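These notes concern the structure reproduced below.
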Amino acid sequence: MSIKRVKPAPTDRRRLWPLVAAGGALLLAVLPGCEKRRDDDTVRADPASVPVAMDEEPILPIPRGHPSSLDARKVALGNKLFHEPALSRDNSISCASCHPLDRGGVDHLPRSLGINGQQGEVNTPTVFNSALNFAQFWDGRASTLEEQIDGPVLSTFEMGTSWDEILKKLRDTPAYVAAFREIYSDGVQSRNVKSAIAEFERSLITLDSRFDRYLRGDPFALTADEKNGYLKFKGYGCISCHQGMNIGANLFQRMGVIGDYFADRGNLTKADLGRFNVTGREEDRHVFKVPSLRNVAVTAPYFHDSSAQTLEDAVAVMAKYQLGRPLPPKDMEDIVKFLRTLTGEYGGKPL
Amino acid sequence: MKRAGLVGLLLLAVLTVFYLQRQGYSDRQHERFQSGLWQLKHLDSSFNEDLLRVRFSLLESYDVFQSYQRQMDRLVDGELVIPSFVGAADRDQINLFKKELSSLLKTRRQLFERFKSLNAVLSNSRRYFPVAVDELTRRLNPAGLPDQELGLIIQKITRVMLTHDASSEPLSPDDLATPESLRAWSAAHPAHTEAAFVSSLARHARTLLDGKNELDSLTRQLLTLPTAAGIESLSLIYQKDLTSALRRTSQYQKLLYGLVLLLAVVIAYALWALRSANQGLERHVSERTADLQRENTERKRAEADLAHSLSVLQATLESTADGIVAIKSDGEVVNYNTRFASMWGLPPDVLAKKDAMQLTALVTSQVQHEEQFVARVTQLLADPPDEACDVLELKDGRIFERYVRAQKTDGKTLGMVANFRDVTNRLKSEFELEKIHRQLLDTSRQAGMAEVATSVLHNVGNVLNSVNVSATLVADQVRRSKSPNVGKLSDLLHQHRTDLGDYLTNDPKGKIIPVYLASLKDDLAREQSSILSELDSLHKNIGHIKDIVAMQQSYAKTSGVVETVSIPDLIEDAIRMNAGSLARHDVDVARDYHVRPVVTLEKNKALQILVNLVRNAKYACDESGRIDKLLTIRTTADKHHVIITVSDNGVGIPAENLIRIFAHGFTTRKDGHGFGLHSGALAAKELGGSLTAHSDGPGLGASFTLTLPYTQESSHE
């Protein structure tokens, strides 16, 4: 038996660990391919980019849970700003004045009233599901919700104010200053006001309309007439424009493909030129954004000029000028019935 | 260590530079750009694919295009960030391509908006046309076509529509005219119930025919937009840059690896150095700890020793009969003992203050010659001498001896220690003692002289006794000598000188003369021999006297002549020296010699002892008055000694006298001087032996035992 050299005390080795670890870390740091991949580096897959299967209906239900990944703080601030009269020059009207959320997101007036009782140029479209529109305004001159906000705010006959005025007012309100500061590092700024409001608008999605339930596979969600109405809606070609998740609002179309609507109506205004006002191209004359038909039953009056007071009127005008013929009464009736199934719920309640 | 650190720092700097250089190529940037390119390609092809699907009604929603366009716009206008490693020239080119691509996408967007509108219209008509034809047919004649002309037109237009939609061949002018013929029919029959319906159908037919060409043209334009080629060019330029960047990077990478390796070596060395330094440190620490422990132990021991020493010192201080006080140079009293306080009668509170001046004042008041004392104290405190001693006389008559010693540490004087001793009594005693001593000296001188004289006289007297005896014996023998008978015989023979023969033969008287002569001869011879013997003894005794005198003369010198003598001879001498008195007092002498050793000793001393003992025994016997006076002399021996015991059956010795029998001047005889046994004991001791006495009591005799070594050691100088 021989006694060999005593091993170094474990404490010695333990004391060396941090150094070894530091050396290892250094090596790792300089080695390639060890960089941590950040999540935001990969471009997010857009749910809408998923190819649509052929056998699917031209209309898609709005997925339950949509919209996902919103900033709740921005939504809350946007909600406050949406109802903020300070966004108008005389503090008389807010976004909600023309887009009352409890009335389908529209004021149901042919022309909304701006500051000093001035009338607007076109019918107010609903704010609900506006996030699903491919462009904003009847003529599609704003491609985003943020961009859209400039329109009514700066329009002399709507809110008639300027961002400087608005920001001054907001900055004088400690609650806003604090709320902005909490979300945005640069506090109260016009882009942040727009960001918050747009974020709020993105939350204004109506879910679970009866038709959506039908599309999801509930055959009892629609009555026979309504189902027939949908068939007619497709058969008469309405579906050619009113398709997609928002049942329209993803293309421009001329008002009066077959008949000359404006000639018949007369009293032409600049607004009647539609997209021509934006592009200046002759082919865009009287071309408008195809409006979404979701919640159409609760967003009367219809068309950019509020010429149709009822759905029947609207369907009749469409049949006349886009199809070139009157619809049989039964078909018309069923189509209107079908259109009434497109009303969804917001906050758990139907609009 | 320092150099290694410097090298490490330098390496680290170079490493950082290389790392930053290597950073020129970034995986993250590359991946981002590359994936952007792939997405662009994918989106572009998906767009075209879905465009065709929409064109041929295989896809009936435009939602996807919105997403394609948005993503592509986002990529081209922002997210497709050119990596930093792309060279400036290529960067410009890529940017140019991007710009081109961006404008292409804008063009496509416009074209596509037009496409959507047109496609929607066409799709509407395409959907509606068969429905309308069917409805018209049913309306016109539930049982068949009533109007031949309209029927034919409808038939024709239905065929044209069916073939047209599926064929890419241009239509014949006749076919192209069918919508017109339908419209013409409508115009020709304005009153017909279905005129409006037919007119609208004609519009749809016209739309389908006209729109198809335009839609096809639009579709072609969209599909041929060189977006894919733009993306491809962009990708090619990028690939080139990527390759060179990768090559560059791999070079730096290699350098970096080398450096890292080097750095690792440096780190390892640093670690090793650190570790060995650490071990050295640990060793040092442990050694130091051991040292400290040892020092601590030593210090503790030293402290304990010190404490012990202190306690010993304090005990010493307290136990000493002297009063001790230690005073520092500045006058502070460092220490003192209780004896000091009691000597000077100092109250404890004054001592507690440890103020030398106050103390001095108190002390000063007690001494005679105060000024002198104060001056001396001041001088002592100022410059304590190494050692000083003086005497203080106190007013109360006490005398203190003061002994002062400087207290020094490392040659520096810190103070002094004063030692007071009350010498009053000692001085007195010393004085008296000296007086006594003087007297004693006188006495002893006288006593010594007497002793010597006595001893000499005694011894000479003893021998003279023998001489006297011998002389008497010789005188007696001479008086009783037969020698006168020789005269008578001579006279007789003279008378008969004539007839001598006859006389001697015949005369009765004359006849006995020869016999008588023979007897006389014998007697005379005997006489002569006896006298000669006595004379011899006499001679010997006179020699002895001479010896004694000579010995006594050199008494003070003590050391006698060492001779080798036979113990029995010595004893016989002693007996002989007392023979007269023994005979006179009728004391029998019994000899019991167990041994007859020859020893080397101072004969005189031994003889003196023995003579003394014999004489004492004779006295003791004589005093007892008994008739069977017996003196027994016995010799025995042990290993080293000859033991001579002289016993008598005389008066004995009382026990109380036994202990002082050898004391100087002790005697029980009225004419004794108490010197014999004393000097005997001394002599025995001088001979290296001893003299002891034993008696069972008065009347029971006594025995004295002289023990002598075989060889006299020089037991005295």
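Some notes on this structure:
- The residues in segment B:357-393 that are closer than 15 Å to B:Met416 by Cβ, touching a Phe, Trp or Tyr at 6+ places or on another chain (Cβ under 9 Å) and among the β-branched types (Val, Ile, Thr) can be counted, and the count is 2.
- Residue in segment B:63-72 that is among the aliphatic types (A, V, I, L, M), under 30 Å from B:Ser167 (Cβ atoms), over 60 Å from the mean Cα position of the chain (by Cα) and at the interface with chain A (Cβ under 8 Å from one of its Cβ atoms) present: yes
- Flag if B:Gly8 is farther than 30 Å from B:Leu215 by Cβ and facing another protein chain (nearest Cβ under 10 Å): no
- Residue, surrounded by the fewest Cβ atoms within 10 Å (Cβ to Cβ), within segment B:75-132, restricted to residues that are of a type in the set (Ser, Thr, Tyr), in contact (Cβ under 8 Å) with a residue 12 or more places away in the chain and within 14 Å of chain A (Cβ to nearest Cβ): B:Thr107
- Contact annotation: no residue pair with Cβ atoms under 9 Å, 6 or more positions apart or on different chains, pairs a residue in segment B:28-42 that is more than 10 Å from chain A (Cβ to nearest Cβ) and on the phi > 0 side of the Ramachandran plot with a partner that is acidic (Asp, Glu) and assigned to a helix (DSSP H, G or I).
- Any hit, segment B:192-213, residues being under 30 Å from B:Asp73 (Cα atoms) and either at pLDDT below 85 or more than 13 Å from chain A (Cβ to nearest Cβ) (or both): yes
- Residue that is within 29 Å of B:Leu111 (Cβ to Cβ) and either part of a helix (DSSP H, G or I) or within 14 Å of another protein chain (Cβ to nearest Cβ) (or both), where the choices are A:Glu283, A:Glu182: A:Glu283
- Residue match in segment A:210-220 (condition: crowded, with 17+ Cβ neighbours inside 10 Å, modelled with pLDDT under 95 and either within 18 Å of A:Ser88 (Cα to Cα) or small (Gly, Ala, Ser) (or both)): no
- Only listed residue being without any contact (Cβ under 8 Å) to a residue 12 or more places away in the chain, within 14 Å of chain A (Cβ to nearest Cβ) and acidic (Asp, Glu), chosen from B:Glu282, B:Glu287, B:Glu295: B:Glu282
- Extreme residue, nearest to the other protein chains (Cβ to nearest Cβ), among residues of segment A:317-330 that are crowded, with 19+ Cβ neighbours inside 10 Å and either in a helix (DSSP H, G or I) or basic (Lys, Arg) (or both): A:Arg325
- The condition of being modelled with pLDDT of 85 or more, crowded, with 20+ Cβ neighbours inside 10 Å and touching an Asp or Glu at 6+ places or on another chain (Cβ under 6 Å) does not hold for B:Thr219.
- Search result, residues across segment A:276-314 that are free of Cβ contacts under 8 Å to residues at least 40 places away in the same chain and among the small types (Gly, Ala, Ser): A:Gly280, A:Ala308, A:Ala314
- Test result for A:Phe303, of a type in the set (Phe, Trp, Tyr), within 14 Å of chain B (Cβ to nearest Cβ) and touching a strand residue (DSSP E or B) at 6+ places or on another chain (Cβ under 9 Å): no
- Contact annotation: residue pairs with Cβ atoms under 6 Å, 6 or more positions apart or on different chains, pairing a residue in segment A:253-275 that is farther than 27 Å from A:Gln243 by Cβ with a partner that is surrounded by 11 or more Cβ atoms within 10 Å (Cβ to Cβ), are A:Leu268/A:Phe262.
- In this structure, B:Leu20 does not satisfy being in contact (Cβ under 8 Å) with a residue 24 or more places away in the chain, more than 10 Å from chain A (Cβ to nearest Cβ) and of a type in the set (A, V, I, L, M).
- When segment B:43-62 is limited to residues that are among the small types (Gly, Ala, Ser) and not in a helix (DSSP H, G or I), the one that is nearest to the other protein chains (Cβ to nearest Cβ) turns out to be B:Ser61.
The values are calculated or read from the model by the stated rules, or taken from the named source; none is laboratory data. Computed from a predicted model, the values in this text were never measured in an experiment. Glycine gets a Cβ as well: all are built from the backbone with ideal geometry, and neighbour counts include every protein chain shown.
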